[in-house]
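Take a look at the structure below.
The values are calculated or read from the model by the stated rules, or taken from the named source; none is laboratory data. Computed from a prediction, not measured in an experiment: that's the story for all the values here. Cβ placement follows ideal geometry from the backbone for every residue including glycine, while neighbour counts extend to all protein chains displayed. When the accessible area is computed, the model is the full protein with side chains, heavy atoms only, and any ligands, DNA or RNA have been set aside. Shrake-Rupley method; radii C 1.70, N 1.55, O 1.52, S 1.80 Å.
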Amino acid sequence: MMKKKGSRVVAALALAGVLFSIQGMTAFAGTVGVGAAKSEMTGPGMTNSQSAGPVTEVQVGERAEEQVAGGQEASQAQDGREQAQQPAAAQSQEPAQLQEPLQVFYSAFLFGQGWSSVTPDNSPCAAPPTTWVTAMKANLVNIPGGNQVGIRYQVNLSGSGWLDWAYDGAEIGNPAGEMPLEAIRMELTGNQAASYDLYYKVLQNGSWTEWAVNGGTAGVEAAGLRVDGIRASVTAKGAGAPPETAAAYAIDPARPMIALTFDDGPRAAVTSRILDSLQANGGRATFFMVGSNVNANGSVIQRMAAQGCEVANHTHDHKYISKLNADGIVSQIVSTNQKIAAQCGISPVIMRPPGGYVDADSLAVLQTLGMPAIMWSIDTRDWQHRNAQKTIDTVLSQVKDGDIILMHDIYTTTADAAEVLIPALTARGYQLVTVSELAASRGGMAPGHKYSQFR
Ligand code: ZN
């Protein structure tokens, strides 16, 4: 179960790296067949307030000192053994290679915001509470060589009824208007279509519909209901509905939500207490881990994944990526992803630059890796004052919908604070979601861009 879920995520990361390389980034180009991926679907499609324009190197606030987490010596020793045993594999920086499954990627046009970022197979593409979907587009990626398979889709546009089918990445709906979609239909085309099932659902009236499949209607038309999100997935014929991942956790896009984030760990004695509190309160968090801490903390990382928390990348050695060359950044990110995936089956899809240092060049490298840079909107400075009450007061006095909160799961005082904050924030009505869940609920995110909140 875990393994299957994980492999899907790994596949999505590998595909994202390839997909976003089409536009001139060549890091992984040519290592995986991308079939008929449409370049028009690969643009940043930014709707968030952050952009990848010239970025001056300066968000300090994250722990500025170098990595000192407990257990580092042990994990370094383990690193040494690992490299001695399998130097070729350990040093390879190519993404895992393979027969990737056929997948569908898609975007929604959000009224007043524009196109969402490209959403990978089986991930929710949902509008924030203030807007809705007026158009969509979808395309297949990783089409098997020689196979003939495509995708078409049609929408029921409020006031216009069902529009004609659109094919393979073309837009359908009315991006220039404000009328919402009411329902959608999707199906595969071509000689090989019968080898697959195409599942899809829409977010409507605050919840996701059941899966529709192979041309059936998703959404209730002519009932005054609008489409607020789209989710789709290709599966092998007869394999059944795709696994519930993010949607397994009932996230209400109309209610406030925030992302608690913990950097520099794991450190079992601290991280486990945070996981206990999350489990007791039905919340999730995101852990930006340094690769050097991973091997010594496998069971904690497996528990993160099992609880639906997001495993995320904070470089292997807490390096300031704006001071590294491209090879150095790739090495720091890829080695950490590989170590995390080896522990829990899930390869991170987001990273946080240590110290908050990121610039246009390092963002360009992150784009080739398919990763966005995640900053924060509330800085607890827990690493500096090591005072639980200050951390608690900082969060509770500032918190608002869409915030990303920065803490560090290597200090006992941070666990003390989290044990108060997690129930307190839940009691205030905040859904404690992962960064990727928050982004998916608020228009998405794109590789090579940086984000400090999702309003
Ligand atoms: Zn850090």
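Below, the figures for the structure above:
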| item | result |
| --- | --- |
| Residue in region 343-355 that is in contact (Cβ under 8 Å) with a residue 24 or more places away in the chain, among the hydrophobic types (A, V, I, L, M, F, W, C), more than 15 Å from the ligand (Cβ to nearest atom) and in a helix (DSSP H, G or I) present | yes |
| Residue in region 412-431 that is in a loop (DSSP other than H, G, I, E, B) and surrounded by 24 or more Cβ atoms within 10 Å (Cβ to Cβ) present | no |
| Flag if residue 230 is more than 16 Å from the ligand (Cβ to nearest atom) and part of a strand (DSSP E or B) | yes |
| Residues that are among the charged types (D, E, K, R), buried (at least 17 other Cβ atoms within 10 Å of the Cβ) and more than 14 Å from the ligand (Cβ to nearest atom), drawn from region 379-409 | 401, 403 |
| Subset of region 120-155 that is more than 19 Å from the chain's Cα centre (by Cα) and charged (D, E, K, R) - its residue that is farthest from residue 194 (Cα to Cα) | 137 |
| In region 329-342, residue surrounded by the fewest Cβ atoms within 10 Å (Cβ to Cβ) [restricted to those that are more than 16 Å from the ligand (Cβ to nearest atom) and more than 16 Å from residue 436 (Cβ to Cβ)] | 342 |
| Some residue of region 151-161 being of a type in the set (Gly, Ala, Ser), at pLDDT below 85 and part of a loop (DSSP other than H, G, I, E, B) | no |
| Matching entry among 104, 141, 133 (being farther than 22 Å from residue 178 by Cα, at pLDDT 90 or above and among the β-branched types (Val, Ile, Thr)) | 104 |
| Where a residue in region 363-389 is more than 25 Å from residue 415 (Cα to Cα) and among the hydrophobic types (A, V, I, L, M, F, W, C) and its partner, wherever it lies, is open to solvent by 40 Å² or more (accessible area, probe 1.4 Å) and not in a loop (DSSP other than H, G, I, E, B), with Cβ under 6 Å and at least six apart | 365/326 |
| Test: residue in region 256-268 that is open to solvent by 60 Å² or more (accessible area, probe 1.4 Å) and acidic (Asp, Glu) | no |
| Where residue 304 falls short, out of the listed (1) open to solvent by less than 10 Å² (accessible area, probe 1.4 Å); (2) modelled with pLDDT of 95 or more; (3) of a type outside the set (S, T, N, Q) | (2) |
| Given (1) open to solvent by less than 10 Å² (accessible area, probe 1.4 Å); (2) touching a Lys or Arg at 6+ places or on another chain (Cβ under 7 Å), number of the condition residue 184 does not satisfy | (2) |
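Let's see how each residue does on (1) without any contact (Cβ under 8 Å) to a residue 40 or more places away in the chain; (2) more than 14 Å from the chain's Cα centre (by Cα):
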residue	(1), (2)
403	no, yes
408	no, yes
416	yes, yes
423	no, yes
432	no, yes
440	no, no
443	no, no
454	no, no
